[in-house]
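Trainee: Right, I'll just put the structure down here and ask away after.
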Amino acid sequence: VTTSVGKGGKRSIKDVLKFIVPNLIKRGVLNLHEPIISIRISGDGRNVGKKVKHVMITFAILEDIENIHNPNYHYTVVLYPGLENYESLDILTISFREELQELKEIGININGVNWTINMYFSSDWKFLTICLGFNSANSLFFCPWCTITKKEISDIKKEWLISKQIDNINQYNGHHSTPLFNMISLENWIPDELHIMLRITDRFWSLLLHEIEETGYFNDVAREIIVKEMNRIKVNFHFWQEKECQSWSFTSLMGQDKLKVLQFFDLNKVLPPTRANVIRNLWNGFFDLYTAIQDPNTDPKMFKRDAKMWLKIFLTPSTGIPNSDNFVQGLYRPNDVTPYMHVLVFHIHEFIEKHKKWGLKSFSCAPVENKNH
Ligand SMILES: [Zn+2]
């Protein structure tokens, strides 16, 4: 068995298991006397070259903690050139899903030992909702795990827990199709920590640029200051204007560069000191939460409290009368809260608690993103 499926195609998960399990036993990763295997399924759509898109589905063995972040240990089972959408995935995953159903119901016999299989699913928001047969993130009913609506997204007094079940999920609003992987229980559908960091940092960045634009200072000087500051923190960054386009485009940053911006970008270079300080505290608070997600020793109750506190700060309202001495500018508006922020604040603590055996970092999609095929 090689780790490549070639230009497109499928591979039997049962065949791969039969091939890799003996070695996992030899290495002491799996235990013959406790024959359980925990499988993590992931997938994403990616650009291959400028015009070609590929969709890839992989699986990995969670017990193999030593290799869970190594792309070579995420085995490709489905790969096809095309777009990530429900209809294509429905057709191209038929045999894979039949195998998963069988693995769930009767397990797998390898060299005379019957193994029980536990299953998990982890991906970015888009791929997860497609596979769940659910609405996209900008819908009124946007959360795969609870029944919240967009209108309630900034209400910090409410509590939201994982409340839907996979077996009757189509009775809830927004679920338009049967989940592709309905053999995996909903609490085992885990949001990817990498994309939580990427997308919330994107939000911070666009809110910052918007603020600079609103104050009327988003000119050549401001753009040069931003590029210089990026250079200082060793991030390659440019602005440019597309032909016949008023708005400015800028370099889209990779994960490591986004983390540098989140931690080290000096907001004093572009904002008045008090304002820079307030926003820096918000960014730091998010960085601390992101670090806590990755730490296997994080206490879920403390995380929940800190995350709620952070959202409260994000939503700090303005006080006093505008343009008077007692006016204190707040931070962001209810509309600025994103689905990823909802998951961070209301669901991540539950995932930390339920999956503490593995730690949420074990479900990171970074190794799948880095996988070549
Ligand atoms: Zn929710």
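The values are calculated or read from the model by the stated rules, or taken from the named source; none is laboratory data. Since this is a predicted model, take the numbers as computed values, not measurements. Please note: Cβ atoms are built from the backbone with ideal geometry, for glycine as well, and neighbour counts cover all protein chains shown. Accessible surface areas use protein heavy atoms only, side chains included; no ligands, DNA or RNA. Shrake-Rupley method; radii C 1.70, N 1.55, O 1.52, S 1.80 Å.
Trainee: List the relative contact order of the chain as a percent without decimals, with contacts defined as Cα pairs under 8 Å and 6+ residues apart.
Mentor: 17 percent
Trainee: Then there's this: About the Cα centre of the stretch 195-354, what is the dipole size in debye to 20, counting +1 per Lys and Arg Cβ and -1 per Asp and Glu Cβ, all else neutral?
Mentor: Approximately 320 debye in magnitude.
Trainee: Name the residue from 352, 216, 195 whose Cα lies farthest towards the positive end of the charge dipole of the stretch 195-354, charges +1 on Cβ of Lys and Arg and -1 on Cβ of Asp and Glu.
Mentor: 352
Trainee: Ignoring ligands, DNA and RNA, what percent of the 1.4 Å accessible area of the stretch 9-123 is carbon and sulfur?
Mentor: The C+S portion of the solvent-accessible surface of the stretch 9-123 is 52 percent.
Trainee: At residue 231 and residue 126, where each label point lies 7 Å from the Cα along Cα→Cβ, what is the point-to-point distance in nanometres?
Mentor: The modelled label-to-label distance comes out at 3.3 nm.
Trainee: Relative contact order, percent, of the stretch 195-354 when contacts are C-alpha pairs under 8 Å separated by at least 6 residues?
Mentor: Relative contact order comes out at 19 percent.
Trainee: What are the GluC sites (Glu not before Pro) within the stretch 214-261 that DSSP puts in a loop, where the Cβ has at most 11 other Cβ atoms within 10 Å?
Mentor: Sites meeting the loop and neighbour criteria: 242, 244.
Trainee: Which three lengths, in whole Å and largest first, does the chain cover when its Cα atoms are put on their principal axes?
Mentor: Computed over the Cα atoms, the extents are 79, 45, 39 Å.
Trainee: Still on this model: Given Cα pairs under 8 Å that are at least 6 residues apart, what percent is the relative contact order of the stretch 9-123?
Mentor: 33 percent
Trainee: Please report the antiparallel percentage of the DSSP beta bridges confined to the chain, to the nearest 5.
Mentor: Antiparallel bridges make up about 75 percent of those DSSP assigns within the chain.
Trainee: Can you find, among 303, 112, 179, the residue sitting farthest towards the positive end of the charge dipole of the chain, where Lys and Arg contribute +1 and Asp and Glu -1 at Cβ?
Mentor: 112
Trainee: Over the stretch 9-123, give the accessible area per residue in Å² for a 1.4 Å probe, as an integer.
Mentor: Averaged over the residues of the stretch 9-123, the accessible area is 48 Å².
Trainee: Once the dipole of the chain is set up with Lys and Arg at +1 and Asp and Glu at -1 on Cβ about the Cα centre, which of 330, 149, 370 lies farthest towards its positive end?
Mentor: Of the listed residues, the answer is 370.
Trainee: Using the crude model of +1 on Lys and Arg Cβ and -1 on Asp and Glu Cβ, and no other charge, please compute the dipole size for the chain relative to its Cα centre, in debye to 20.
Mentor: Roughly 380 debye, rounded to the nearest 20.
Trainee: Related question: Could you tell me how far the Cα centroid of the stretch 95-170 sits from the Cα centroid of the stretch 39-69, in Å?
Mentor: Comparing the Cα centres of the stretch 39-69 and the stretch 95-170, I get a distance of 17 Å.
Trainee: Given the pairs 53/308; 18/361; 14/361; 51/243; 157/356; 104/258, which span a C-alpha to C-alpha distance of over 30 angstrom in this model?
Mentor: 53/308; 104/258
Trainee: Right, something else. Let me know the shape class of the stretch 309-373, please: from the alpha-carbon gyration tensor, a ≥ b ≥ c as square roots of the eigenvalues, rounded when a/c is under 1.5, otherwise prolate if a/b is greater than b/c, or oblate.
Mentor: Judged from the Cα gyration tensor, the stretch 309-373 comes out prolate (a/c at least 1.5, a/b above b/c).
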